[in-house]
Each structure stands twice: as structure tokens, then as C-alpha cells.
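Single-structure report; data block below.
Where a number appears in this text, it was derived from the coordinates with a stated rule and is not lab data. In this text, all values refer to a predicted model and were calculated from it rather than measured experimentally. A quick note on method: Cβ atoms are made from the backbone with ideal geometry, for glycine too, and the neighbour counts reach across all protein chains shown.
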Amino acid sequence: MFGHKKGAFTDAVADRKGRFELADKGTIFLDEIGELDLSCQVKLLRVLQEQTFEPLGDSKPKKVDIRVVSATNANLQQMVQNKTFREDLFYRINLITIHLPALRERKEDIPLLAAHFTQKQCEANGLPIVTISKEANDYLSSLPYPGNIRELKNLVDRTILVSTNNPLQVSDFQQQYQGNYSLQNADADGLTLDEMEYIAIKKAYEKYHGNVSQMASALGLSRQALYRRMEKYQLE
């Protein structure tokens, strides 16, 4: 984030500007800010409060004028209570909050996104453009998507690469959804979203013997998001 000076460590053969210096007079986006360790949180807080930072190996502070936009799936307020996220940093970044609803909360977007991913996948692989039947779109709209848009994209991509139907049918997606462990075959009545998520991750954990890369791919999650959920449910 802050760059380094030549010779700051073994492989530092030249000066390198950090992200904050590159973003001077502009905007920097910090994704998954809840994943920052406490030492990095201190450095980030200094930048936000004093608008200065020091590249690694340099004792001369640099000043920047930037707009900071951050995102997280974590409950930062709970992390503050648990002493894993600094309270002063939380209030620094919490000036304006925008809630982005999960995919399951905006089902009307699913057919549009599915059509977009279908077109992109076909173009990327030189395939004839395929469409999705209304029934298949209804099926896609009924799924819970704990992995949000990434999970939908993975499902659409796999289905296009395997299926020969045009338009794609419900059965095409059902066959590919079996590996997603999102409770498509379970009775979810009476379960909370956390309970559904826990069962899905536990099934993937058992199936792949704790292999995080394979689990993340099957669940449609990033490794970082999966690590966070495994820690939440004590599956590590």
C-alpha cells in the first residue's frame, strides 16, 4: 500500500510507489478492509488522519490527498467489540455507508446477470451465443447464492462449457449446481441464512478434506471470504 525504497529489503532493486502515492489527488478502493491485520490498520489510520505515510526504508513522510472507498462483507461493529478492528479506524471510514444487497435480495437482477455472463463466456470461448429458457431463469432466481454474483457466474460458466442445449434448460443448471453445496437438495424451512451457510461450508469441508482452493471454487467464494467464514464457524 505504501511502496518501498531501493535496498529496503533483499529484492528491492528499485524504488516502488505504493497504491496510496499512485492514488494522490484521486480515489483509492480498499476491498475486504475487514481482513487488514492490526499493524496495517494503524498505518491506514495514520494516512486517514494525517494524510501522510512513509514508504518502507524511507524516513521522510510523503503527503497525499485522496478519497478512500472501502468495502467489506464482515461485521465491523462486531469486530470492534471483539478487538479485531480498531474503533478509531472504524469511525474514520464510516462517514458514508452504502449497503449493497446480497444477490438473493435482488432476484430481479439474476436473469440480467445470467444473460450477461452467458454472452461473455460464449464470446471468450468462440462459442455460438446461447440463451436461457424462462424456466431456467426462474430456477436460477430461486437459488440462495451464498457466494453472491461470483457463484452465479461460476454456475453459468460451467453450464455453458458442459451443456450442448440452446436455450439452456433447468436440467442443465441442476446438473452443474450439484457441486455447489448450497442446500439445493435440502429442506431449508426454518433455517437461518447462517445455518444454511454453515451446512453448505461444512459439506464442502468434508468433501474436499479442508482443501481451501477446491472448497472456494465449489462454493463460488474467494479464498479470503471462505477463510473468514471458516473462522466464523470454527471449521479451521
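Projected label points at Glu32 and Tyr91, each 7 Å from Cα along the beta carbon direction, are separated by 2.9 nanometres. Calculated FRET efficiency, Lys60 to Ser39, Cβ-Cβ distance, R0 = 30 Å: about 0.90 to the nearest 0.05. Would you work out the relative contact order for the range 26-70, in percent, from Cα pairs under 8 angstrom that are 6 or more residues apart? Across the range 26-70, relative contact order equals 55 percent.
Per-residue extension of 0.36 nm, minus the Cα-Cα distance of His209 and Ala102, leaves a gain of 35.7 nm for this segment.
As a calculated quantity, the FRET efficiency between Ile149 and Leu127 at R0 = 22 Å, using C-beta atoms, amounts to about 0.55.
Suppose R0 equals 25 Å. What FRET efficiency, 1/(1 + (r/R0)^6) with r the Cβ-Cβ distance, do Gln119 and Val162 give to the nearest 0.05?
Efficiency at R0 = 25 Å is approximately 0.90.
Between Gln175 and Lys232, the contour length at 0.36 nm per residue exceeds the alpha carbon distance by 17.5 nm. Exposed loop trypsin sites (Lys or Arg not before Pro) only (DSSP loop, at most 13 other Cβ atoms within 10 Å): please give the longest stretch of the chain free of them, not including the sites. For trypsin sites (Lys or Arg not before Pro) (loop position, at most 13 other Cβ atoms within 10 Å), the longest site-free span of the chain is 107-236. Take every pair of alpha-carbon atoms less than 8 Å apart whose residues are at least six positions apart; their mean separation over the length of the chain yields a relative contact order of 13 percent. Sparse packing (at most 15 other Cβ atoms within 10 Å of the Cβ) combined with a DSSP loop state is found for the following chymotrypsin sites (Phe, Trp or Tyr not before Pro) in the range 1-54: Phe9.
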